[in-house]
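The values are calculated or read from the model by the stated rules, or taken from the named source; none is laboratory data. Quick caveat, the model's predicted, so the values are computed rather than measured. Here Cβ is always computed from backbone atoms with ideal geometry, including for glycine, and neighbour counts include all displayed protein chains.
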């Protein structure tokens, strides 16, 4: 750790130092985004996927509002970012040269609504060809604590791990880079690394601003020690180890990608902190999973509210999720996760057939609820999904016990569906809702269903495009029906090769990829056994094709090729 | 809770009180065991399954040694019970009238070796037809603390939940019954219940003797509060609430079937306590699962060693496991679990085709290891499986990268298999072992495999006898290869409709039922990619048909019909 004197000196030095060296992979453009062909049958239409090759963890996620001091701005409780003032920045673990992990960079995309993503040029490159830029986070240094941003309130600092692979699994240490153009181009800090404990298992820093102590706080993983280290800093450059949080919840074989975030509590004016930890390998379903711990944070120490292990998602493709930086703690927090699993991510068919692998989950808005018995529960729902509705395919507010059959071959292939059973009483907790998405060509299907007040299940085992012993076919979870509401619900998005399901308004959620040889094009919704006194409403909407909207005449998504001159695609 | 004075009075009263009422289900024999047809194709040959109808949780497990004071007897570290002095008693949740849960009794079976089980008559009946006898435990009251056993050191006390269902989910309270004939017949205590907190979610007492405080200690579940209550008693009749252990690990929707047990630690002369908690529904794989917490216990309070949630078994059919009472804490502890899952246990095909449903897992011997990084790990292996080897089908101590093909149609259908890769070094961690059990008639198969030092997988999705959205097909876990040993291993037992797998000497274990339309009869073991410097040994043994050995000329297993006159089947 550095002393305060060193801190001030290094702050000054950083303003004058030359950029450290950068290694550019042969053939990868440096001044513009990589162009992508998003026409493949597996390409999601409303999920982010990289233009080519491979992505894994989302990184450095932060909204940058032009010229505004984010933390002091008065927001509505639900921030929509529908106007031109706000841009969401998604950086992501990116290998631009192969459709598997390795040669890691920080890719970059931006969005006004978290669904239409504009590809940007690569944001952070490695210093040489034996170093990988691993995961990390980004903050908006509105008060110029770093000294990098005189006369500027939208300076962005990225905090990330460099993995030095010169001789196998070498040292992993924490580094920073700063952007004076709102997050598009970065200059590496001259006195990197900012934290180095000479470990080869030390990574994934996530930084927040802790207002009460007026300091930055970092959570970072000592991966195979099952320790989340908490560090503090006044300036993002000089870090002091404050405490450890260790051996909580599911361990697997590694802790990765910690997140610490303040978020609101349903029916309360209080906020809580949530520490999220991803583990891989060793998830109960195999491979990768994320878990969370509600608790309190005083700027130096995190204390979990209890000893429970709470899992984010009951599917198999939701890992390394990150919460966007800088959303005030009393607003719903917004997150994205990597929608794949290390057990099979390098083998899924998209790499061979379409030249890309892996995508991000839907953006989710998140808050905590204090529920009976279980205590604290993370509630996650798709972020403002209505904003990308293209067409109502069906809506029936009184379907009853009936079946709805839809041909959606002429849509984008991305649908949002929602079914609600209302006016339930303790004596009418009966009935089932089942949804089946089928290919009219091959008969392949993916299905889900649930008894009211029972375990919701998802079955992806009847698609033929990918066979792997780790590619589990079936998933289930109890939706934790809350009898006080009288309503049971299921909703979700199917998007060509990914299905996300939300039960009871986000009490449970699941993310699963799937690969059918023929596109699915027919939806059957069946409701049966529901009491006559209960209400049944079902709706299905086609979603926009956010990538086709960006494609040029050749079907290519170029991305923001004119960044810096104020151009770029606008929605 | 009772005062000491009440305790002494009630102890006296119990010796003189008449037995409380008992309800005998019509048609169920009361003086002899229920006869069973164990010839069905799904009937396991070396696992316990009930003679007819339905079992779930194992209960009251205790070894009773004729006339010996168990806790003071000097045992070898591995207790084999191969001679005539020791009998293992397994009680079990039993519905003798239907192949689904309901009408719960305590069934009973005994064994000299934990594989050959002799059915006994039902041990505990409900007091009336609106009360169920739920799970619990049994102890040997060698010192006659209860006063039930003057001049006797092998008196058995069963401690169990009565669920009063008169009006729906009624009160659940804790009751005791005592046996003066070594655990075969029980008299209910006159002053039951011994604990009643007027809750309808309070069950599954498990009692141990705590030597240091010279008291009995009970763990019992406040199921939907996610609380394990700890009670103490001097005499098994009068209980004092001592502490609670709550909201640890995975919660699901209920805590059930807690166990507290002292067990040895590998490479240490110290023992530790382990608190095991089962949850259902809400396991990560759906439905039912068990987890454990290593820690310390002072007679009144349990403290977990850390905040980690550790899962017993990476399959889907291992729940409500119980540790046998009375094995000294410095010996390997012996357990059995219910080998099914509440999500589908009432639907598996054996109920319709063979008149029974559910079975127990293999008996396992268990100890803790303090392993790098992860900390404490429960190591579980089959208990003395060699004792039931019937025939060596194959053994090759230097198989190398080759395939072994076996027709086992002429065996019992129960096999033990073991594969070891030895002399591994950091540079030779390569190669895979795969095993496939196939039906030569239908082509159905169940398979498992693993890379050395990678995730072990099991796939039961290619059997056709049972289709259910909750019947997951695929499972995997990381076997936590310990490089210091230089050996990676996989072993297991397949037994007609159940497969149990053990990785790296029990670092990971999995229990999965499966249902093929045609019996599996062909085993292929394939080893590939192993370095030339490593050793490969593979062995396969047919196991005894423990049930056919007991069948009479009509193929019926009568069980111990002459208990009380000293008779009964002897192995």
Take the conditions more than 13 Å from chain A (Cβ to nearest Cβ) and at pLDDT 95 or above and apply them to residue B:443. Does it pass? yes
Residue hits (the range B:329-379; outside any loop (DSSP other than H, G, I, E, B), more than 14 Å from every other protein chain (Cβ to nearest Cβ) and over 22 Å from residue B:465 (Cβ atoms)) are B:333, B:334, B:335, B:336, B:337, B:364, B:365, B:366, B:367, B:368, B:369, B:379
Does residue B:481 qualify as being under 25 Å from residue A:344 (Cβ atoms), at pLDDT below 95 and either more than 10 Å from chain A (Cβ to nearest Cβ) or touching a helix residue (DSSP H, G or I) at 6+ places or on another chain (Cβ under 7 Å) (or both)? yes
Could you tell me how many of the residues in the range A:484-508 are under 18 Å from the mean Cα position of the chain (by Cα) and more than 14 Å from chain B (Cβ to nearest Cβ)? 10
Given (1) in contact with a strand residue (DSSP E or B) (Cβ under 6 Å, 6 or more places away or on another chain); (2) buried (at least 20 other Cβ atoms within 10 Å of the Cβ), index of the condition residue B:359 fails: (1)
In the set A:511, A:487, A:463, A:562, the lone residue that is at pLDDT 95 or above and more than 26 Å from residue B:468 (Cβ to Cβ) is A:487
Among (1) farther than 18 Å from residue B:326 by Cβ; (2) in contact with a helix residue (DSSP H, G or I) (Cβ under 7 Å, 6 or more places away or on another chain); (3) surrounded by fewer than 24 Cβ atoms within 10 Å (Cβ to Cβ), which single condition is residue B:189 missing? (3)
On the basis of being surrounded by 20 or more Cβ atoms within 10 Å (Cβ to Cβ) and in contact with a helix residue (DSSP H, G or I) (Cβ under 9 Å, 6 or more places away or on another chain), does residue B:340 make the cut? no
Just name the residue that is farthest from the chain's Cα centre (by Cα) out of those in the range B:224-266 that are within 14 Å of another protein chain (Cβ to nearest Cβ) and assigned to a loop (DSSP other than H, G, I, E, B). B:247
Would you confirm, using the coordinates I've provided, whether residue A:299 is touching a helix residue (DSSP H, G or I) at 6+ places or on another chain (Cβ under 7 Å), away from every other protein chain (no Cβ under 14 Å) and on the phi > 0 side of the Ramachandran plot? no
Could you list all residues from the range A:269-286 that are touching a strand residue (DSSP E or B) at 6+ places or on another chain (Cβ under 7 Å) and either away from every other protein chain (no Cβ under 14 Å) or assigned to a loop (DSSP other than H, G, I, E, B) (or both)? A:271, A:272, A:273, A:274, A:276, A:278, A:280, A:281, A:282, A:283, A:284, A:286
Residue A:452 meets each of (1) modelled with pLDDT of 95 or more; (2) away from chain B (no Cβ under 11 Å); (3) surrounded by 20 or more Cβ atoms within 10 Å (Cβ to Cβ); (4) closer than 20 Å to residue A:538 by Cα with one exception, condition (1)
If you take the residues of the range A:373-389 that are farther than 23 Å from residue A:548 by Cα and in contact (Cβ under 8 Å) with a residue 60 or more places away in the chain, which of them is surrounded by the most Cβ atoms within 10 Å (Cβ to Cβ)? A:380
